[in-house]
Amino acid sequence: MSDKGLLIILSGPSGCGKDTVINELMKRDRNVVVSISSTTRAKRENEIDGVNYNFLTKSEFEELISNDKVLEYAEYNGCYYGTPIGPIDKMLSEGKDVILKIEVQGAQKVMKKLGDEVVSIFLLPPSFEELERRLRGRNSDTQEQIDSRLKIACDELKRAPYYDYVVVNDDLSVAVEDILSVFKAEKRKTKRNTKVIREVCKNA
Ligand code: 5GP
């Protein structure tokens, strides 16, 4: 068996249901954890510092960058978002499967840095019209923010072909099953099972 957990990128435009999918994945598979990002975005009413994000000031975030403490970072909608590197290494070495819920620019940086060490999944909404409906139904963002997120979504959707897998989030349970199937198949890859092969073959 492979000892190290999987590192998984989950991207998808704002409103495609990443949070709901991740919560469901963590309920279904206790080995799945999500990396807590740092951001300079303002905390929303329902969010908790240190749980949803580490909410930082711009200068605190820039210090993380200059001290090489982030695996990647990106600017999205005028704010910084980044993945702290320390906790990820620890969780992976404990055998946890770690999800990076990151947008496309950051995802591209991680893919470039880690190559096939990372598994990338793009979560698609069933249609652009449905995405717009979901975003407009949110009460947490202003009209201006929603328009900006929709504009970003158009660009983000064009990046879907660069990911290893695409999952459509129409029916939540189907999307979650699809992602769990990806995890299962990835764990059976030969490169992640050299130890068990060696063990079984040693007396052959
Ligand atoms: P939101 O403001 O809706 O919480 O997040 C906006 C976007 O930033 C989402 O697409 C989310 O996946 C992405 N994001 C969250 N954390 C990170 C991160 O650490 N790095 C990058 N590159 N994107 C992130």
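The values are calculated or read from the model by the stated rules, or taken from the named source; none is laboratory data. Note that the coordinates shown come from a computational prediction; the quantities given were computed from them, not determined experimentally. Positions of Cβ are backbone-derived with ideal geometry, glycine not excepted, and every protein chain shown enters the neighbour counts. These area figures cover heavy atoms from the full protein model, side chains too; ligands, DNA and RNA do not enter into them. Shrake-Rupley method; radii C 1.70, N 1.55, O 1.52, S 1.80 Å.
ILE88 meets each of the listed conditions (1) over 26 Å from VAL176 (Cβ atoms); (2) assigned to a helix (DSSP H, G or I) apart from (1). Checking the structure you have, find out if any residue of the stretch 97-114 is over 12 Å from the mean Cα position of the chain (by Cα) and more than 15 Å from the ligand (Cβ to nearest atom). Among the residues of the stretch 97-114, not one is over 12 Å from the mean Cα position of the chain (by Cα) and more than 15 Å from the ligand (Cβ to nearest atom), which makes the answer no.
Taken over the stretch 1-16, residues that are closer than 17 Å to GLU177 by Cβ and either out of contact with any helix residue (DSSP H, G or I) (no Cβ under 7 Å at 6 or more places or on another chain) or open to solvent by 20 Å² or more (accessible area, probe 1.4 Å) (or both) amount to 1. Pairing residues of the stretch 69-81 that are farther than 15 Å from LYS101 by Cβ and of a type in the set (Gly, Ala, Ser) with residues that are near the ligand (Cβ under 8 Å from one of its atoms) and modelled with pLDDT of 95 or more, at Cβ distances under 9 Å and at least 6 apart in sequence or on separate chains, gives GLY78/ARG41.
Tell me which residues, restricted to the stretch 24-44, are open to solvent by 10 Å² or more (accessible area, probe 1.4 Å) and over 12 Å from the mean Cα position of the chain (by Cα). Hits for the stretch 24-44 are GLU24, MET26, LYS27, ARG28, ASP29, ARG30, ASN31, THR40, ARG41, ALA42, LYS43, ARG44.
On the given criteria, is ALA74 in a helix (DSSP H, G or I), near the ligand (Cβ under 10 Å from one of its atoms) and either open to solvent by 20 Å² or more (accessible area, probe 1.4 Å) or in contact with a Phe, Trp or Tyr (Cβ under 8 Å, 6 or more places away or on another chain) (or both)? No: the conditions fail for ALA74.
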